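Take a look at the structure below.
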Amino acid sequence: MAANDKDVVRDHEYDGIKEYDNPTPGWWNFIFFATFVFSIWYFLYYHASTISTSVAQGFENDVTDDLKKRFSTIGDLKQDEPTLIKYMANAEWKSVGASVFKTNCVSCHGPDAAGQVGPNLTDDNWKNVQQLADIPKVIANGAAAGAMPAWKTRLHPNEVVLVAAYVASLRGKNLPGPRGPEGAKIPPWPLQAAAGKP
Ligand code: HEC
């Protein structure tokens with residue numbers, strides 16, 4: 001605003017209301033338009049180009065890289081019962097399984113695995129699983145003609161085992177799911193049997 005500007009009442013009137021002519025200051029407009037220019041640059045740099053990734057994407061890449069590095073410390077996991085039992089008891093690696101579940105499985109099995117499109121994974125009734133080692137098989141190969149997708153092409157084999165261990169560890173929570181019990185009631189996992197739990 002120039003120094004000689006005065007508050008000038010404009011000559012129109014609406015419903016008894018008159019107004020001054022005070023335009024938004026130049027510096028305000030400058031910042032406003034600068035945010036436009038910035039947002040275009042930001043979008044092109046972080047989202048549209050391959051030069052850089054968004055912060056969220058960068059974080060995910062880092063987590064994946066870290067995971068892969070640490071996979072070399074556990075070698076190639078077997079999809080068998082002893083391996084599953086071992087990793088069900090390992091909080092750190094089970095949390096990797098939990099994050100795989102969060103990323104890939106909640107859309108169908110629900111955030112707490114109590115079921116949505118897919119069955120409840122927290123109860124004693126199972127459709128495609130008779131024993132612990134069947135879980136990684138179902139996850140790897142899918143079921144019901146693809147209604148449960150096959151994950152072996154999308155997940156690292158170790159991720160299949162770790163998410164299987166995570167899923168197995170949810171049994172006994174018996175969360176009430178929207179679908180009710182599906183399949184047959186199966187015997188407890190060996191470690192639960194050993195601990196005398198159902
Ligand atoms: C597109 C939806 C969908 C996604 C995503 C999905 N599932 Fe499933 N899942 C299903 C359906 C549907 C079934 C039931 C198949 C059947 O009727 O036999 C199922 C069954 C299962 C079963 C066997 C349950 C039983 O009672 O036999 C397990 C274990 C399982 N899913 C784990 C997972 C895991 C782990 C993931 C993520 C890596 C996952 N699912 C992602 C839909 C999905």
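The values are calculated or read from the model by the stated rules, or taken from the named source; none is laboratory data. A quick note: this is a predicted structure, and the numbers were derived from the prediction, not measured. Here Cβ is always computed from backbone atoms with ideal geometry, including for glycine, and neighbour counts include all displayed protein chains. Accessible surface areas use protein heavy atoms only, side chains included; no ligands, DNA or RNA. Shrake-Rupley method; radii C 1.70, N 1.55, O 1.52, S 1.80 Å.
A few remarks follow.
- Figure legend. Inter-residue proximity from region 135-164: first residues within 16 Å of Leu84 (Cβ to Cβ), second residues assigned to a loop (DSSP other than H, G, I, E, B) and open to solvent by less than 10 Å² (accessible area, probe 1.4 Å), beta-carbon distance below 8 Å, spacing 6+ or different chains. Indicated pairs: Ile135/Val129; Val138/Val129.
- Checked against (1) open to solvent by less than 100 Å² (accessible area, probe 1.4 Å); (2) modelled with pLDDT under 90; (3) not in a helix (DSSP H, G or I), Ser72 passes all but a single condition, namely (3).
- Odd one out for Ile51, checked against (1) touching a helix residue (DSSP H, G or I) at 6+ places or on another chain (Cβ under 8 Å); (2) over 24 Å from Thr153 (Cα atoms); (3) at pLDDT 90 or above: (3)
- Within region 107-126, if we keep just the residues that are near the ligand (Cβ under 8 Å from one of its atoms) and loosely packed, with under 14 Cβ neighbours inside 10 Å, the residue that is farthest from the chain's Cα centre (by Cα) turns out to be Val117.
- When region 141-173 is filtered for residues that are in a loop (DSSP other than H, G, I, E, B), more than 8 Å from the ligand (Cβ to nearest atom) and over 24 Å from Asp76 (Cα atoms), the ones remaining, listed by number, are Arg171, Gly172, Lys173.
- Of all residues in region 8-65, those satisfying the criterion of being in a helix (DSSP H, G or I), of a type outside the set (A, V, I, L, M, F, W, C) and either touching a Leu at 6+ places or on another chain (Cβ under 7 Å) or open to solvent by 100 Å² or more (accessible area, probe 1.4 Å) (or both) are His47, Glu60.
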